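Reading through the structure tokens given below for one structure.
The values are calculated or read from the model by the stated rules, or taken from the named source; none is laboratory data. Bear in mind that the values here come from a model prediction, so they are computed numbers and not experimental data. In this analysis, Cβ positions are derived from the backbone assuming ideal geometry, glycine residues included, and neighbour counts consider all displayed protein chains. Keep in mind that these areas ignore ligands, DNA and RNA; they rest on the heavy atoms of the full protein, side chains included. Shrake-Rupley method; radii C 1.70, N 1.55, O 1.52, S 1.80 Å.
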Amino acid sequence: MLGLLTKSKQLLFPTGIMHGFFARSLVQAPTLTIYKPLPKKRNGMSATKYLHQQLLKKFDPLGKRSQLVDPHTGVRAGDVVKVTYNDRSTVHGRVLGVKRGKDNLGTNILIRNRITKLGCEVRIPVFNPKVANIEIVDKPETYLSRSKHFYVRNTKHDVGDVEAMLKKKLEESKAKKAN
Amino acid sequence: MFALWSLPLPRVATSSSKSFSRSVARIPSIHSVTSMRTPSPILNHSVVKANERKQLLGRPGLLGIKRDMISWYTEKGEQLAATIIEIDACEVLANKTSEEHGYTSVLLGQLDKTKNVVPTVRSICKSAGVSPKANIAEFRVRTDEGLIQPGVELTADYFAVGQLIDVQATSKGKGFAGVMKRHGYSGLNASHGVSVSHRSAGSMGPSQDPGRVLPGKKMAGRMGGTKVTAQNLEVLSADGEAGILVVKGQIPGPKGSYVKVSDAKKEYGKSLLRIKHDACR
């Protein structure tokens, strides 16, 4: 039986092949000829980023809206903002937070006000063509902590009547000037 | 098939003839009857008939890659959710004709891939005169008129702004999901003595009769990872040069997955039978 096995092994793998099987030598592979790929679109720029640039040109040609929501220099939670729509109606409110879209026109500002002693909130889509202008009217002397001020709702930090506050501030400044 | 109607009619004894006379019985031999071949009828479940019934589009679609979802503003100032589909190097690789293959279709490929391409794909691309593709797919077309010459690049502006399209892709796999997530069952009570089985299915069906759970019962199992078609999506923007197609709403699958985009089948699809029927009117 043993003899048979060895015989068959010898038949399957003659010594020459066994040697070649274990000690591999480098052989140059045949090179493939293929057609040239098409030139890259958008100079290889990401499709999302390219489209965002195009949309910014259309919806924010002056770059004012992008500046407003800039994380370092733009509007901050705690600022008081005046929003003007295309039909000249206005909304005042204190900013609770800015929700920024990445390569996206979905960026919006959440503002809160107290109207007839009732807390009211609106989300302002910054790049919406219906919104004509967003203006920072007032900045607090000291900001509360966190970038999102959702915790101020119904606490001692809550937003008061913004319009009344602005009026009061204006009168005070007028009185100072008069003195 | 034997034409039996060519046999002589059997003589019928009429009531008027009173006298009965016996004669030699005439039974024609089966070999004496001439036979002829009639054309075999086209069966309804044949390929030809099935193709006629199939609701198909006049032209192929496009291959694309799903990218991010964005906010889209209309002229009126409405805010919509939209999906970006990138159309990158989508080229025609081959055509299939009804004469040769039994049905008509266009083979498309997308995304140039120079390394590690399967030999079969490489040879198809070579014969079309285009560089090897990462993803290839087939679009069935109604007639040979819808075929496009191999080597032609199809761009995103193939679709018009405002038209409706279908987007087909593999949905996100959710793994082994329970009955509440998979089929939207309500589950059992949170309290009132229910223990351990708050998210289970409840009854599996009738009792002793039939005495078994009927086939097709909705149960827990693998969810997602299947071919899904989002139908009748509006095209918001189509930029051929930049290769960007913006579609209203959501499309199946994760970001970066390959999708098949075509004209909306329910809006623009027609069967050959329907066209014939309309022409007859």
Non-local amide H neighbours of B:Gly61 (under 5 Å, H modeled in plane, Pro and chain starts lacking H): which ones?
none
Cβ neighbours within 10 Å from other chains - mean over A:31-41
6
Yeah, region B:66-202 with a ≥ b ≥ c from its alpha-carbon gyration tensor (a/c under 1.5 is rounded, else prolate when a/b outruns b/c, oblate otherwise) is prolate
Work from the charge dipole of region B:103-165 (Cβ charges, +1 for Lys and Arg, -1 for Asp and Glu, about the Cα centre) and give the residue of B:Gly151, B:Ala134, B:Tyr103 farthest towards its positive end.
B:Ala134
Can you tell me the 0 to 90 degree angle between the C-alpha axis of helix B:119-128 and the longest principal axis of chain B, rounded to 10?
80 degrees
Given points 7 Å out from each Cα along the Cα-Cβ axis, report the B:Thr74 to B:Thr226 separation in nanometres with one decimal.
3.3 nm
Keeping all protein chains in place, calculate the accessible area per residue for chain A (probe 1.4 angstrom), answer in Å².
74 Å²
Separation of the B:Gln163 and A:Ala175 label points, Cα + 7 Å toward Cβ, nm:
7.0 nm
Highest-MSF residue in chain B out of B:Asp144, B:Asp209, B:Asp239 [GNM, Cα springs under 10 Å]
B:Asp209
Whole-Hz Karplus couplings 3J(HN,Hα) for region B:66-74, θ = phi - 60° and coefficients 6.51, -1.76, 1.60, Gly and Pro as x, run 6, 10, 5, 9, 9, 8, 10, 9, 7
In nm, to one decimal, how far is the modelled label at B:Arg140 from the one at B:Glu234, with both set 7 Å along Cα→Cβ?
3.0 nm
Charges at C-beta only: +1 for Lys and Arg, -1 for Asp and Glu. How large is the resulting dipole of the protein assembly as shown about its Cα centre, in Debye rounded to 20?
1260 debye
Determine the dipole magnitude for chain B: charges of +1 sit on the beta-carbon of Lys and Arg, -1 on that of Asp and Glu, nothing else is charged, the reference point is the Cα centre, and the result goes in debye to the nearest 20.
1860 debye
A:Cys120 accessible area, 1.4 Å probe, all protein chains in place, Å² to nearest 10
40 Å²
Taking the Cα atoms only, what angle lies between the long axis of helix A:47-59 and the longest principal axis of chain A, rounded to 10 degrees?
20 degrees
With r defined as the distance between the Cβ atoms of A:Thr90 and B:Ala190 and R0 fixed at 60 Å, what FRET efficiency is calculated, to the nearest 0.05?
0.80
From zero outward in steps of 5 Å, how is the percent of C-alpha pairs of region B:51-142 spread across the bins?
3, 12, 17, 16, 14, 12, 11, 7, 4, 2, 0
Output the relative contact order of region B:43-134, whole-number percent, from Cα pairs under 8 angstrom with separation of 6+ residues.
21 percent
Quote the accessible area belonging to B:Ser32 in square angstrom, nearest 10, computed with a 1.4 Å probe and with ligands, DNA and RNA left uncounted.
80 Å²
Can you work out the FRET efficiency for the pair B:Ile148 and B:Ser203, with r the C-beta to C-beta distance and R0 = 35 Å, to the nearest 0.05?
0.05
If you wrap region B:134-281's Cα atoms in a convex hull and average its projection over all directions, what's the area in nm²?
16.2 nm²
Could you check how much of the accessible area of the protein assembly as shown is carbon and sulfur, as a whole percent, using a 1.4 Å probe?
55 percent
Which order do you get for A:His149, B:His31 if you rank them by accessible area with a 1.4 Å probe, largest at the top?
B:His31, A:His149
Along the dipole axis of the protein assembly as shown (charges at Cβ: +1 for Lys and Arg, -1 for Asp and Glu; origin at the Cα centre), the most positive-end residue among B:Ile70, B:Ile42, B:Gly184 is B:Gly184
Long-range amide H partners of A:Gly93 with built H, under 5 Å
A:Val81
Given the options A:Leu62, A:Leu110, A:Leu96, which has the most mean-square fluctuation in a GNM of chain A, springs set between C-alpha atoms less than 10 angstrom apart?
A:Leu62
For chain B, what relative contact order do you get, as a whole percent, if you take Cα pairs closer than 8 Å and at least 6 residues apart?
24 percent
Cα extents of region A:22-179 along the three principal axes, largest first (Å)
96, 42, 33
Going by a ≥ b ≥ c, the root eigenvalues of the Cα gyration tensor, does the protein assembly as shown fall in the rounded group (a/c under 1.5), the prolate group (a/b larger than b/c) or the oblate group?
prolate
Net dipole in debye of chain A [+1 Lys, Arg Cβ; -1 Asp, Glu Cβ; about Cα centre; nearest 20]:
260 debye
Calculate, for A:Arg100 and B:Thr34, the FRET efficiency according to 1/(1 + (r/R0)^6) with r their C-beta to C-beta distance and R0 56 Å; round to the nearest 0.05.
0.05
Choose one answer from B:Leu214, B:Leu93, B:Leu236: the residue with the largest mean-square fluctuation in a GNM of chain B with alpha-carbon springs under 10 Å.
B:Leu214
Residue-wise HN-Hα coupling along region B:239-251, computed from phi with Karplus coefficients 6.51, -1.76, 1.60 (Hz; x: Gly, Pro)
10, x, 5, 7, x, 10, 10, 10, 10, 6, x, 9, 10
Probe 1.4 Å - accessible area at B:Lys260, Å² to nearest ten
60 Å²
How big is the shadow of the Cα convex hull of chain B, averaged over all directions, in nm²?
34.1 nm²
Cα-only Rg/Rh for region A:125-178 with Kirkwood Rh rounds to 1.05
Under-5 Å amide H pairs with B:Val141, H placed in peptide plane, nonlocal only:
B:Thr104, B:Ser105, B:Val106
Accessible area lost on pairing A with B, both sides, 1.4 Å probe, Å² to nearest 100?
2300 Å²
